[in-house]
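Participant: The following block contains the structure, expressed as structure tokens.
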Amino acid sequence: MRRSPKETADSARRISRRGLILGGLQMSLASVLGFRMHHLQVDQADEFRLLAEENRIRFDLLPPARGRIFDRNGVVVADNEPTYRITMKREDAGDVADVIGRLSQLIELDENDLNRAFAEMERTPPFFPVTIAERVSWEDISRVAVNAPALPGITTEVGLSRLYPHGDLFAHVAGYVGPVSERDLSRYEDPPAVLKIPRFQVGKVGVESKHEEMLRGEAGTKQVEVNAVGRVMRELGRREGTSGSDIQLTIDTELQDYVQARLGEESASVVVIDLTKGDILACASAPSYDPNLFVRGISHTAFDALNQNDHRPLASKTVQDAYPPGSTFKMVTALAALDAGLIGPDETVYCSGSYEVGSRAFRCWKRSGHGHVNLEGSLKHSCDVYYYDLALKVGIERIADMARRLGLGEAPPLPMSAVTSGLVPDKAWKERERGANWVIGDSVNAAIGQGFVLASPVQLAVMTARVATGRSVSPRLVRSIDGIETPHMGGEDLGLNPNHLKMVQGGMYAVSNDRRGTAYRTRIIADGMRLAGKTGTAQVVSRITSEADPWEDRDHALFVNFAPYDNPRIAVSVVVEHGVGGSKTAAPIARDVTLQALYNGDPPLDAYPSKDRSQIKAQQERLARERQQRRDQSASRA
């Protein structure tokens, strides 16, 4: 049926209205979309451009070059060497085990390194690179690079690692570095970002640890472009980090080398101090160890061998260990008595071989006694009875006060690990620490450096330096930082009567230069080089021991000296663990080290008594060969 003209006109009007409404809606929507697009593309263009850049640009940290360590003459003690390593990013690798499996078919992987890497992956974000293998050869690096498409997440890198070119020579002084551990991070409330760089090395012991922040430097940054899956496409720029500060020690490498060789197989320590500024010229503990083992990751077997050695190569005996000073302490007791005005140089004490205190007899080391002994003779013969008598006259408080004035009982200000303060006991200490009263027998024992008294080898060297100079000589180990000299501390007058010091120094001179002195056999005869010293023996068990006893039960042997006597330049302390006697074991080492330091090299044979020259010549030749072998090894490391 055909529509009427009226119906057709009404229908057309309705369609037109709907078209207008729909067109209006479309226009409105288009306007809104246009406005929004303008807002996003124009008004917010900078914001979205920044977000886009952040998505495709990444900033990585660059490890700084660690500051180097030198000896007093500019010889490198701790250096940096370039090394190749292989790292992995977990988020880029996908199946970590599968990628590691493919990598192991190309190069040999150490199981310990892999276990360490897996443990590190567990505690670090997936986008952090983790070291899979380090100190990799160039051939292995090339092999991995060629097969890069089949090893997602694997990256080859070149970095710097610590090198100790002299091996065990400075292990106890410079220390060593190792990868950052959880313990290292726990020291910081907010650890620096540089410590989170994979296998970043930090100081663990010694100067490396105590001056860590100076040596570490500041990290740089690298700006790289990555694709959608995080793969690096190209490097856009970098800012190199700031290298750590260089540190110069006061140690003389040649003297340190000689001392280490001279100690040989002994469990012993030697400290040599320059009396001008308190510089430590040598600071050696024997036996030692190669710190490079710890940098590269020491095996359990190698570590156990070091840790279980009864000669304790890991211990820095010069500063960590405290021993009864034995008769080397007698200068302290003598000065305390002189300072109090209680004795004179000519007053004598009769030594019958023992001394009665109450119901107890304290014995002299010489059972038959020394007869009448004055101050000089008490030091020359090392008569114990003379000092037992002084202990009753002087009292522990004066003895303790003099010991502290001479540098005992307080930790020396040295940047080394576990520096002991030793022990200078008095009445208050015993009551506080032992809950008991001080008794007169404690004073008698303390007067000869036994009982509770303890001192480290470096403290004994400081004590000797102060007796030699009358000044508050303080040991210095760091000579300069980045070429700026560090101040030397001490040097002030101790306020001791020069005549009293001269009396004690004279007794020490007699020890080594009087025919009846306990160290006469190991004297120096060169004019202007003669030494003044003191022997000491520290008991380990409560009886006199000999070489027939088990090694661990034998007495410790000690010797301290300064030289030259007329114009003191150096002070030396030697402690030989379980060496039985100071005159037999420690004194010969001290004499040889003293001459080496004074002559700045091998001394002429005529500095020694004629009867010793053939033996000394053979010893010098043997030590020269050993030292040359060490130098050859150092050259191969470098």
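The values are calculated or read from the model by the stated rules, or taken from the named source; none is laboratory data. Treat the numbers as computed from the prediction; the structure is a model and nothing was measured. Neighbour counts are summed over all protein chains in view; Cβ atoms, including those assigned to glycine, are modelled from backbone coordinates with ideal geometry.
Participant: Does E356 satisfy being under 18 Å from V385 (Cβ atoms) and part of a loop (DSSP other than H, G, I, E, B)?
Facilitator: no
Participant: From the list A465, A446, exactly one residue is in contact (Cβ under 8 Å) with a residue 12 or more places away in the chain and not assigned by TED's automatic domain parsing to the domain that holds A418. Which is it?
Facilitator: A446
Participant: Considering segment 142-155 alone, what residues qualify as being touching a residue at least 24 places away in the same chain (Cβ under 8 Å) and surrounded by fewer than 18 Cβ atoms within 10 Å (Cβ to Cβ)?
Facilitator: R143, N147, A150 - these are the residues of segment 142-155 that are touching a residue at least 24 places away in the same chain (Cβ under 8 Å) and surrounded by fewer than 18 Cβ atoms within 10 Å (Cβ to Cβ).
Participant: Now for a different question. Looking only at segment 128-156, count every residue that is closer than 17 Å to I100 by Cα and charged (D, E, K, R) and tell me the total.
Facilitator: Final tally of qualifying residues: 3.
So that you can scan it fast, the table gives a plain yes or no per residue for (1) at pLDDT 75 or above; (2) at positive phi; (3) in contact with a Lys or Arg (Cβ under 7 Å, 6 or more places away or on another chain); (4) hydrophobic (A, V, I, L, M, F, W, C):
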residue	(1), (2), (3), (4)
G24	no, no, no, no
S31	no, no, no, no
H38	no, no, no, no
D46	no, no, no, no
L51	no, no, no, yes
N55	no, no, no, no
L62	yes, no, yes, yes
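Residues checked against (1) free of Cβ contacts under 8 Å to residues at least 24 places away in the same chain; (2) within 19 Å of Q201 (Cβ to Cβ); (3) in the same structural domain as V146 (by TED's automatic domain parsing); (4) surrounded by fewer than 14 Cβ atoms within 10 Å (Cβ to Cβ):
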| site | (1), (2), (3), (4) |
| --- | --- |
| A97 | yes, no, yes, yes |
| L106 | no, no, yes, no |
| E111 | yes, no, yes, yes |
| T131 | no, yes, yes, no |
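Participant: A follow-up question, please. Yes or no: S472 under 33 Å from the mean Cα position of the chain (by Cα) and part of a loop (DSSP other than H, G, I, E, B)?
Facilitator: No; evaluated as a whole, the condition is false for this residue.
Participant: Right, here's the next one. Please find, within segment 359-390, the residue that is farthest from the chain's Cα centre (by Cα) out of those that are of a type in the set (S, T, N, Q) and part of a loop (DSSP other than H, G, I, E, B).
Facilitator: Filtering segment 359-390 for residues that are of a type in the set (S, T, N, Q) and part of a loop (DSSP other than H, G, I, E, B), the one farthest from the chain's Cα centre (by Cα) comes out as S359.
Participant: Closer than 18 Å to S456 by Cβ, touching a Lys or Arg at 6+ places or on another chain (Cβ under 6 Å) and at pLDDT 95 or above: which single residue out of V560, V572 fits that description?
Facilitator: V560
Participant: Still on this model: Looking only at residues in segment 63-73 that are over 16 Å from L163 (Cα atoms) and either over 18 Å from the mean Cα position of the chain (by Cα) or among the small types (G, A, S) (or both), which one is surrounded by the fewest Cβ atoms within 10 Å (Cβ to Cβ)?
Facilitator: Taking the candidates together, the pick is N73.
Participant: A follow-up question, please. Yes or no: segment 339-352 includes at least one residue that is surrounded by fewer than 17 Cβ atoms within 10 Å (Cβ to Cβ) and either in contact with a strand residue (DSSP E or B) (Cβ under 6 Å, 6 or more places away or on another chain) or within 23 Å of Y164 (Cα to Cα) (or both).
Facilitator: The answer is yes, given that some residue of segment 339-352 is surrounded by fewer than 17 Cβ atoms within 10 Å (Cβ to Cβ) and either in contact with a strand residue (DSSP E or B) (Cβ under 6 Å, 6 or more places away or on another chain) or within 23 Å of Y164 (Cα to Cα) (or both).
Participant: Further question: I'm told D527 meets every condition in (1) farther than 30 Å from Q320 by Cβ; (2) modelled with pLDDT under 95; (3) buried (at least 16 other Cβ atoms within 10 Å of the Cβ) except one. Can you identify the failing condition by its number?
Facilitator: Looking at each condition in turn, D527 falls short on (3).
Participant: Yes or no: V373 under 26 Å from R466 (Cβ atoms) and touching a Leu at 6+ places or on another chain (Cβ under 8 Å)?
Facilitator: Judged against the criteria, V373 is not a match.
Participant: While we're looking at this one, here's another question. Given the criterion closer than 30 Å to V207 by Cβ, small (G, A, S) and surrounded by 16 or more Cβ atoms within 10 Å (Cβ to Cβ), identify the matching residue among A78, A119, A93.
Facilitator: On inspection, the qualifying residue turns out to be A78.
Participant: Could you go through segment 373-380 and let me know if any residue there is in contact with a strand residue (DSSP E or B) (Cβ under 6 Å, 6 or more places away or on another chain) and either at pLDDT 95 or above or surrounded by fewer than 16 Cβ atoms within 10 Å (Cβ to Cβ) (or both).
Facilitator: yes
Participant: Here is a follow-up. Quick test for you: out of F303, F329, pick the one residue that is modelled with pLDDT under 95 and either aromatic (F, W, Y) or touching a Leu at 6+ places or on another chain (Cβ under 6 Å) (or both).
Facilitator: One residue alone meets the criteria, F303.
Participant: While we're looking at this one, here's another question. Considering (1) on the phi > 0 side of the Ramachandran plot; (2) part of a strand (DSSP E or B), say which one V560 fails and leave the rest.
Facilitator: For V560, the failing item is (1).
Participant: Still on this model: Check segment 247-255 and report whether any residue there is surrounded by fewer than 24 Cβ atoms within 10 Å (Cβ to Cβ) and either of a type in the set (D, E, K, R) or free of Cβ contacts under 8 Å to residues at least 12 places away in the same chain (or both).
Facilitator: yes
Participant: Okay, moving on. Is there a residue in segment 217-233 that is within 29 Å of N73 (Cβ to Cβ), surrounded by 18 or more Cβ atoms within 10 Å (Cβ to Cβ) and either at pLDDT 80 or above or in the same structural domain as I570 (by TED's automatic domain parsing) (or both)?
Facilitator: yes
Participant: Shifting gears a bit: Inspect all residues belonging to segment 163-177 and state whether any of them is among the β-branched types (V, I, T) and modelled with pLDDT of 85 or more.
Facilitator: yes
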